[in-house]
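Beneath this line is the structure, given in C-alpha cells, with notes to follow.
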Ligand code: ADP
Ligand code: ZN
C-alpha cells in the first residue's frame, strides 16, 4: 500500500501547471486548491460544495499527481460511465468496476489495476460488500479514497443508501490512505453524521458558499401555465432545459402540449417503465431531445453541464428541494435561468400537506419549511438572499441576478382595482366563484349574468378598462394577500375577509407585485465574460462538429467540449494549436484528439465569411 511518508511535495505553480495541462483551465475555483492540497498532504477532508462547484476536479487532479490509484465511490452506476468518459477525454487513466460489466470487462479492469495502469477507479458502494473486494483493494497501491455524494451515508439526508454504511470501515482497514469526502447537501446534522460515520481523522473541513452566481431567479404568479411556459421558452430557443411538474398527469399534459407545438420535449416520471425512462434520459443527455418535462423523479442522475434553464410550473415541496432542482441548471458556470410559477391553490396545498403529520415536531418542521417556500415566492425580497438565508448564509442584496433586484417586477398600487373586485364579491352576496366575479367586472353578457340579474349591479362593467387576464391575476393576488378567501372544494366561492373589508373602507391600501414582461436579461456573469459577442453562426457550426464527433465516439457532446469552450472558440477564432490551447477547457489531450477538427471548422468559417480579413481596415491601418 502507498505509504503517506513517501509523498512528494507540490507547490502552487505545479498545481496550476497540472490544471492547465490536464483540464485546460487557468485558475482554480475558490476552495479547489485547498481541497487538493489537503489530499496531496495526506489529510482527510470533507468538502461541501454546491452542484457545479467543481468537485470532480478536486479528486481527479490529485489522482493524476499522486502515485497509486484513487478509488472513487460514487452512488450511481448510470453516471459512472460519463465520469469515466470525461476523465479519459482529459487524458486521465480511468475505469469503473460495477455490476454493468461482464466477466471479461471486469477482468480487464483488474488487469489494469494490477499493472498500475489506472489513476482513477470508480466503484459503486455495493462493490464494497462483495466478498473479497477489500482484499483486492488492499493488494493495490492506493493513492486515496474519494467519496462522492457522501451525504448518502446519513439517515438524516434525503438520499440515504444503506450500502454507504460499509464505508465506516474504510479508515480502520486502510489507515495509511487519506479519505476525501464530497457532498453538495449537508445540513449541520448531516455534516456531523458524515464525519462520525466515516471516522475522519482531524479532517479538513471546507464549506463553499451555496450561492450559484450564474443562476438567475424569476418568480411569476401562475396564470396560464402553458402560455407562460411558451413565452419563457421563446426566450430560450434552442437551449436545453428541464420543466418540473408536480404530478405524472401534469407532466404528460405539458409534454404533449410542447410536442404539439413542435418542441423536441421528452417526458420522465416514476410511472414509466425503466427502459422508457432510460431512453428519455439518454435523448436528453445527448441533446437529441433538449427539453425534459418531468416530476422530481428526474433527479440525481443528471449531470448534464449545459442545462440552461429549470422551470417549475408547480410549487416544489420546500426550499431545499427547490435549491437542488434549480441547481441542475448551469453546472458549467454559464448563465442559466430558473423560473417558478405559483398560485394560491399550490400554496394552500403545500400548507395542507405540511399539516398532515401526526407528530407535532414533524408538523412544526414541515410548516416552517412550507412557509419558507411561500416566503420565497411571495415576498418582494431578493430571491438569492431568501434562498441562501434558508441555508444559514447571509447575503447582501441586491444580487443583480433575480427578478426583484433587476426591477423586472415592481410593486403597484392596486387599491382601486381591489375595491372594485371585492365590491363585486360583496354585491353578489359572496356566493360565487371567480368566473362570475370576472364576468361582473368585465360587464360580460353571459347566460349566468342574465340569470342572476347581475347586469343591474353598480359594479357591473366597472372593470372593462382592464383585461380578463388582469382580473384573474388580481383576484389571485387578493387571495394570496388574504384580502379574499375561497370556501368550498368543488365549486369554491370567493368571500371578502376582514382585511378585505378594511381595503373596501379605504383603510388598507393594496399593493401587489406587478409582472413586467421583459426580454430575456443577461445575468451578471454573462455581461462580465461577454461571450455575447461570440459569433453565433460559428458557434452553431462548432456545435455541429461536436455532435458529429460525439456520435462517432458514442459519448454525450459535453464530454468533448462544453458550450463555454465552443463559445470562446467562436469569439477568439484560434488559428493555431497554440491559440486553441489558450481557450479555457482545452487541455493537451483534447487538443491532440480534437484540435484539428475544430481548427479546420474555424478556418473554413473564417474564409467563408470574412473576405475582408486579408485586407487591413483602412481606418486602423491609418491610425497605426
Ligand atoms: P460538481 O461535481 O461539483 O457538480 P463538476 O465537477 O461537474 O461539478 O464541475 C462543474 C463544471 O465546472 C465542469 O464543467 C467543470 O469542468 C468546470 N470546472 C471545474 N473546475 C473549474 C475551474 N477551475 N475552472 C473552470 N471550470 C471548472
Ligand atoms: Zn436578488
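The values are calculated or read from the model by the stated rules, or taken from the named source; none is laboratory data. This is a predicted model, so every value here is computed, not measured. Note that we place each Cβ from the backbone using ideal geometry, even for glycine, and neighbour counts take in every protein chain shown.
Among the conditions (1) closer than 29 Å to residue 323 by Cα; (2) crowded, with 21+ Cβ neighbours inside 10 Å; (3) touching a strand residue (DSSP E or B) at 6+ places or on another chain (Cβ under 8 Å), the only one that residue 81 does not satisfy is (2). Restricting attention to the stretch 180-207, the residues being part of a strand (DSSP E or B) and touching a helix residue (DSSP H, G or I) at 6+ places or on another chain (Cβ under 6 Å) number 6. Consider residue 528 carefully, then state whether it is in a helix (DSSP H, G or I), within 16 Å of ligand 1 (Cβ to nearest atom), surrounded by fewer than 19 Cβ atoms within 10 Å (Cβ to Cβ) and at pLDDT below 90. It is true that residue 528 is in a helix (DSSP H, G or I), within 16 Å of ligand 1 (Cβ to nearest atom), surrounded by fewer than 19 Cβ atoms within 10 Å (Cβ to Cβ) and at pLDDT below 90. Is it the case, given these coordinates, that residue 412 is modelled with pLDDT under 90, under 22 Å from residue 467 (Cβ atoms) and touching a strand residue (DSSP E or B) at 6+ places or on another chain (Cβ under 6 Å)? It is true that residue 412 is modelled with pLDDT under 90, under 22 Å from residue 467 (Cβ atoms) and touching a strand residue (DSSP E or B) at 6+ places or on another chain (Cβ under 6 Å). Candidates in the stretch 390-438 are the residues that are within 23 Å of residue 321 (Cα to Cα) and away from ligand 2 (no atom under 12 Å from the Cβ); of these, the one that is surrounded by the most Cβ atoms within 10 Å (Cβ to Cβ) is 390. Across the stretch 140-176, the qualifying residues are those that are within 16 Å of ligand 1 (Cβ to nearest atom), outside any loop (DSSP other than H, G, I, E, B) and in contact with a strand residue (DSSP E or B) (Cβ under 6 Å, 6 or more places away or on another chain), and the one among them that is modelled with the lowest pLDDT is 151. Those helices (runs of 4 or more DSSP H) of the stretch 26-139 in which 2 or more residues are more than 21 Å from residue 553 (Cβ to Cβ) and modelled with pLDDT of 95 or more occupy 32-40, 55-65. Being touching a helix residue (DSSP H, G or I) at 6+ places or on another chain (Cβ under 9 Å), in the same structural domain as residue 240 (by TED's automatic domain parsing) and within 15 Å of ligand 2 (Cβ to nearest atom) is true of residue 340. Restricting the stretch 544-564 to residues that are within 16 Å of ligand 1 (Cβ to nearest atom) and free of Cβ contacts under 8 Å to residues at least 60 places away in the same chain leaves a set whose member that is nearest to residue 302 (Cα to Cα) is 561. Summed over the stretch 218-268, the residues that are free of Cβ contacts under 8 Å to residues at least 40 places away in the same chain and in contact with a strand residue (DSSP E or B) (Cβ under 6 Å, 6 or more places away or on another chain) give a count of 8.
Somewhere in the stretch 11-23, is a residue more than 15 Å from ligand 1 (Cβ to nearest atom), in contact with a strand residue (DSSP E or B) (Cβ under 7 Å, 6 or more places away or on another chain) and either in a helix (DSSP H, G or I) or over 24 Å from residue 568 (Cβ atoms) (or both)? No: the stretch 11-23 contains no residue that is more than 15 Å from ligand 1 (Cβ to nearest atom), in contact with a strand residue (DSSP E or B) (Cβ under 7 Å, 6 or more places away or on another chain) and either in a helix (DSSP H, G or I) or over 24 Å from residue 568 (Cβ atoms) (or both).
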